[in-house]
1. Please list, ordered by first then second residue, the pairs with beta carbon atoms under 7 Å, 6 or more apart or interchain, first in segment 27-45 and under 17 Å from F14 (Cβ atoms) and in a strand (DSSP E or B), second among the hydroxyl-bearing types (S, T, Y) and open to solvent by 30 Å² or more (accessible area, probe 1.4 Å).
2. Can T47 be described as open to solvent by less than 70 Å² (accessible area, probe 1.4 Å) and of a type in the set (V, I, T)?
3. Working only within segment 4-28, note down all residues that are of a type outside the set (D, E, K, R) and open to solvent by 30 Å² or more (accessible area, probe 1.4 Å).
4. Output the residues belonging to segment 53-74 that are within 14 Å of the chain's Cα centre (by Cα) and surrounded by fewer than 13 Cβ atoms within 10 Å (Cβ to Cβ).
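The values are calculated or read from the model by the stated rules, or taken from the named source; none is laboratory data. Quick caveat: nothing in here was measured; it's all calculated off a predicted structure. Glycine also receives a Cβ, built like all others from the backbone with ideal geometry; neighbour counts cover every protein chain displayed. Note: accessible area is taken over every heavy atom of the protein model, side chains too, but ligands, DNA and RNA are not part of it. Shrake-Rupley method; radii C 1.70, N 1.55, O 1.52, S 1.80 Å.
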Amino acid sequence: RGWIHPSVSGTYRFWIAGDDEARLLLSSSDNPANATIIASVPQNGWTDPRQWNKFPSQASAAVTLTAGLRYYIE
């Protein structure tokens with residue numbers, strides 16, 4: 001858990017790898033209550049470390065972030 005502080009405004013994509021179901025959440029602000037799942041490894045699924053392309057759900061859609069703001073990520 002933490003915050004992303006983009007130094008450049010733009011469109012970003014995120015990926016996740018994990019064992020026995022994994023979820024990557026990102027908030028539209030620094031508030032954790034606004035976090036939604038943007039990428040995941042399915043239930044009963046697993047990936048090798050750094051295996052980013054086993055499941056389509058591992059990659060997020062394009063996310064626009066603004067420099068100078070911070071975004072909660074989990």
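1. A39/S57; S40/S57
2. Spelling it out, T47 is indeed open to solvent by less than 70 Å² (accessible area, probe 1.4 Å) and of a type in the set (V, I, T).
3. Matches in segment 4-28: I4, H5, S7, V8, S9, T11, Y12, F14, W15, A17, L25, S28.
4. P56, A61, A62, T64, E74 - these are the residues of segment 53-74 that are within 14 Å of the chain's Cα centre (by Cα) and surrounded by fewer than 13 Cβ atoms within 10 Å (Cβ to Cβ).
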